[in-house]
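Working notes, beginning with the structure itself.
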Amino acid sequence: MKPTGIVKEEVFLRHEMGPYHPESPHRLQVIYEMIEELPAALNIVNVKARDASEQELSWIHDNRYVRLIAATAGRADTWLDPDTSTCADSWSAASRAVGGLFNLLDAVMDGRVRNGFALVRPPGHHAERGRAMGFCLFNNIALAAKYALKHHGMERIAIVDWDLHHGNGTQNAFYDEQRVLFISTHQYPHYPGSGGLREVGSGAGEGYTVNLPMDAGCGDEEYLYAFHALVAPLLEAFRPQMILVSAGFDAHELDPLGGMGLTEEGYQQMLQILMHLAAEVCSDRLVLTLEGGYNLRALRDSVRQILICLSGYDPSKEPVPLQPELEDLNSNFRSRLRDALAVQRRYWPGLPSL
């Protein structure tokens, strides 16, 4: 079996936003230390990062914004947003996070690795075309999707965002684009306030943005039901040539910035569903990039489960079965899921009725 590729470099530890900021270098430090302790039998290889060029970053971001971030190199403490700032090394970390994800996509496409996880920071899914926000500078996942379209000539890319927070920047990057299917499960209402059921895309992209806003308190059973009933049928219908994942871990039950109840096992089971689908529709092409997750123990243990699954799961087996009955789940979740399916069935008539 081909190895799993990871992007893991010291430069991502040098981006800092202050000693008490939740998006700190410690997030990656605990992950990198955990990786060193993984069993040697796991088939995991490092994929070297590179700097993304200003031209590449401008595929998603405004040229003036890219130059603004570049100009922070070597400067201390440039605040771009009430909760987002740069330090002297932030430009290097942010541009290399994007370039590392590009190299990981290349490694998947040329067959050097089976799948991959870019363990990088700063995160990206809140970054807008001309604005940093929500701890994010460049939209790593949106740029990766654009790279797959432009550099590898793909025609259908799926982005699954399971971060606690809605990926507003990613949604807006492809809101009128039918080649990118964006699916987000997120706590709602919550930062950044977007991600309502009826945000479905516009123009040629109408129907290619899918939001499942979820009430606080949802855990493994609700998320897995959503993946079986909504996410999997959409991916089967769209048949992407690659699946990208905005892998945030702030929906974990221990996370201080959220109110959800996912566990490490829940994240692993969601990944199993996606790996099964990737084997079925896109030759195992599945790439994750790190987004949120602010309880260090929960983040470390969840990423550990993800890496074990990526490097060893057999997608020929049936994915994790759907255990709970819908009527046994949270009533608000049932209502939200039924509403989401009703909205999306206009564009994807094969979606199930509950």
key: Of all residues in the stretch 74-107 being surrounded by fewer than 24 Cβ atoms within 10 Å (Cβ to Cβ) and among the aliphatic types (A, V, I, L, M), the one that is nearest to the chain's Cα centre (by Cα)   = A107
inquiry  = Given the condition within 25 Å of R300 (Cβ to Cβ), part of a loop (DSSP other than H, G, I, E, B) and basic (K, R), answer yes or no: does some residue in the stretch 64-85 qualify?
reply    = no
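From the set of residues in the stretch 200-251 that are among the acidic types (D, E) and in a helix (DSSP H, G or I), which is farthest from A342 (Cα to Cα)? Spell out how you get there, then give the answer.
Taking the stretch 200-251 as the starting set, the residues that turn out to be among the acidic types (D, E) are 206, 215, 220-222, 236, 250.
Add one more test, that the residue is in a helix (DSSP H, G or I), and what stays is 220-222, 236.
Details: D220: 23, E221: 21, E222: 18, E236: 18 Å.
Applying the filter and picking the extreme gives D220.
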task = Tell me which of these E280 doesn't satisfy, since it passes every other one: (1) out of contact with any Pro (no Cβ under 9 Å at 6 or more places or on another chain); (2) surrounded by 14 or more Cβ atoms within 10 Å (Cβ to Cβ); (3) among the acidic types (D, E).
result = (1)
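From the list Y294, Y267, which residue is farther than 25 Å from G205 by Cα, of a type in the set (F, W, Y) and surrounded by 24 or more Cβ atoms within 10 Å (Cβ to Cβ)? Write out each step before concluding.
Details: Y294 fails: surrounded by 24 or more Cβ atoms within 10 Å (Cβ to Cβ).
Unique residue meeting the criteria: Y267.
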inquiry  = What's the total number of residues in the stretch 268-291 that are touching a strand residue (DSSP E or B) at 6+ places or on another chain (Cβ under 9 Å), at negative phi and either outside any helix (DSSP H, G or I) or of a type in the set (D, E, K, R) (or both)?
reply    = 8
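Can you pull out the residues in the stretch 19-50 that are among the small types (G, A, S) and surrounded by 13 or more Cβ atoms within 10 Å (Cβ to Cβ)?
From the stretch 19-50, those among the small types (G, A, S) are 24, 40-41, 49; that's our starting set.
Within the stretch 19-50, S24, A49 qualify.
Any chance the stretch 144-155 includes a residue that's farther than 15 Å from E199 by Cβ, of a type in the set (S, T, Y) and either surrounded by fewer than 24 Cβ atoms within 10 Å (Cβ to Cβ) or modelled with pLDDT under 95 (or both)?
Going through the stretch 144-155, the residues farther than 15 Å from E199 by Cβ turn out to be 144-155.
Filter again for of a type in the set (S, T, Y), leaving 147.
Right, trim to either surrounded by fewer than 24 Cβ atoms within 10 Å (Cβ to Cβ) or modelled with pLDDT under 95 (or both) and you get 147.
Yes, the stretch 144-155 contains a residue that is farther than 15 Å from E199 by Cβ, of a type in the set (S, T, Y) and either surrounded by fewer than 24 Cβ atoms within 10 Å (Cβ to Cβ) or modelled with pLDDT under 95 (or both).
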key: Tally, over the stretch 86-128, of residues that are of a type in the set (G, A, S) and part of a helix (DSSP H, G or I)   = 9
ask   = Out of (1) in a loop (DSSP other than H, G, I, E, B); (2) among the polar types (S, T, N, Q); (3) under 14 Å from the mean Cα position of the chain (by Cα), the odd one out for T170 is which?
value = (1)
ask   = With respect to the numbered conditions (1) in contact with a His (Cβ under 9 Å, 6 or more places away or on another chain); (2) surrounded by fewer than 17 Cβ atoms within 10 Å (Cβ to Cβ), which one is the sole condition not fulfilled by R64?
value = (1)
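May I ask you to say which residue of R338, R346 is under 27 Å from E265 (Cα atoms), of a type in the set (K, R) and either surrounded by 18 or more Cβ atoms within 10 Å (Cβ to Cβ) or modelled with pLDDT of 95 or more (or both)?
Values: R346 fails: under 27 Å from E265 (Cα atoms).
Only one candidate qualifies: R338.
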remark   = Pairing a residue in the stretch 78-99 that is at positive phi and in contact (Cβ under 8 Å) with a residue 60 or more places away in the chain with any residue that is in a helix (DSSP H, G or I) and of a type in the set (F, W, Y), where Cβ atoms lie under 6 Å and the two sit 6 or more apart in sequence or on different chains, gives none
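From P213, P192, P240, grab the single residue that is touching a residue at least 12 places away in the same chain (Cβ under 8 Å), in contact with a Leu (Cβ under 8 Å, 6 or more places away or on another chain) and surrounded by fewer than 24 Cβ atoms within 10 Å (Cβ to Cβ).
Working: P192 fails: in contact with a Leu (Cβ under 8 Å, 6 or more places away or on another chain); P240 fails: surrounded by fewer than 24 Cβ atoms within 10 Å (Cβ to Cβ).
Exactly one of P213, P192, P240 is touching a residue at least 12 places away in the same chain (Cβ under 8 Å), in contact with a Leu (Cβ under 8 Å, 6 or more places away or on another chain) and surrounded by fewer than 24 Cβ atoms within 10 Å (Cβ to Cβ), namely P213.
From the list L354, L307, which residue is in contact with a helix residue (DSSP H, G or I) (Cβ under 8 Å, 6 or more places away or on another chain), surrounded by fewer than 15 Cβ atoms within 10 Å (Cβ to Cβ) and among the aliphatic types (A, V, I, L, M)?
L354 is the lone residue from the list that is in contact with a helix residue (DSSP H, G or I) (Cβ under 8 Å, 6 or more places away or on another chain), surrounded by fewer than 15 Cβ atoms within 10 Å (Cβ to Cβ) and among the aliphatic types (A, V, I, L, M).
Just wondering, is there one or more residues in the stretch 174-182 that are of a type in the set (D, E), under 21 Å from H61 (Cα atoms) and in a strand (DSSP E or B)?
Of the stretch 174-182, the ones of a type in the set (D, E) are 176-177.
Okay, now just the ones that are also under 21 Å from H61 (Cα atoms), so 176-177.
Now restrict to residues that are in a strand (DSSP E or B): none.
Looking through the stretch 174-182, none of the residues is of a type in the set (D, E), under 21 Å from H61 (Cα atoms) and in a strand (DSSP E or B).
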inquiry  = Return the residues of the stretch 292-344 that are in a helix (DSSP H, G or I), within 17 Å of G5 (Cα to Cα) and over 20 Å from the mean Cα position of the chain (by Cα); say none if nothing qualifies.
reply    = G312
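The values are calculated or read from the model by the stated rules, or taken from the named source; none is laboratory data. Given the structure is predicted, the values throughout are model-derived calculations rather than measurements. Quick reminder, even Gly has a Cβ in these numbers, built from the backbone with ideal geometry, and neighbours come from all protein chains shown.
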